Amino acid sequence: MLRGLFLDQFDDLLTAWRSHDRLRSAVDVPLQQLAASRDRLDHLRNKANETRRAFAPESRELEAVLLTTFCGTYDETVFLYQNDAAWKAGPPRFRCVCGSTIDEAAHLT
């Protein structure tokens, strides 16, 4: 399921990239419009990368995985990283790519 979501997000990213590239080569495009286009492009890139890392991390990214768990929303195992965790008092609470919160302590027992 995550692979399909990633492919959809990647298609959106490519569409946004092509649109941004056309804006950059156009004449008299307002700077605010270029900035908004770039912000959208960055957001889509980050979202697609977050989804990919959750189910298919690169070998160097595997070194940063702190926890793997089953995500019921996507019905598959996901990889969780330090950046996915809230490091407050007590054990960390991870945010899954689906948006739910996962208590690390529940996976240590």
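Quick note: the coordinates plus some simple rules give every number you see, no bench work behind them. None of the values given here were measured: they were computed from a predicted structure. Positions of Cβ are generated from backbone atoms using ideal geometry, with glycine treated the same way; all protein chains shown enter the neighbour counts.
If you plug the beta carbon distance of GLU76 and ASP42 into 1/(1 + (r/R0)^6) with R0 = 41 Å, you get a FRET efficiency near 0.95.
Modelled spin labels at ALA56 and ALA26, positioned 7 Å past Cα toward Cβ, are 3.3 nm from each other. Taking Cα centre as origin and charging only the Cβ of basic (Lys, Arg, +1) and acidic (Asp, Glu, -1) residues, the dipole magnitude of the chain rounds to 260 debye. When Rg and the Kirkwood Rh are both derived from Cα coordinates, the Rg/Rh ratio for the range 2-55 amounts to 1.09.
Over the range 59-108, what is the mean sequence separation of C-alpha contacts under 8 Å (at least six apart), divided by residue count, expressed as relative contact order in percent? The normalised contact order for the range 59-108 reaches 25 percent. Taking GluC sites (Glu not before Pro) across the range 31-109, the ones in a DSSP loop with at most 10 further Cβ atoms lying within 10 angstrom of their Cβ are GLU58, GLU63. In the chain, the DSSP-assigned H stretches of four residues or longer account for a calculated mean residue ellipticity at 222 nm of -17000 deg cm²/dmol, using -39500 (n - 2.57) per stretch and the full residue count as denominator. The tail of the calculated P(r) for the chain, taken as Cα-Cα distances beyond 18 Å, holds 58 percent of the pairs.
Each of ALA64, SER100, ALA89 was scored by the projection of its Cα onto the charge dipole of the range 59-108, and the greatest displacement toward the positive side belongs to ALA89; charges sit on the C-beta of Lys, Arg, Asp and Glu. Residues whose amide H lies under 5 Å from that of LEU66, counting only those 5 or more places away or on a different chain, are LEU80, TYR81, GLN82; hydrogens are built 1.01 Å from N in the peptide plane.
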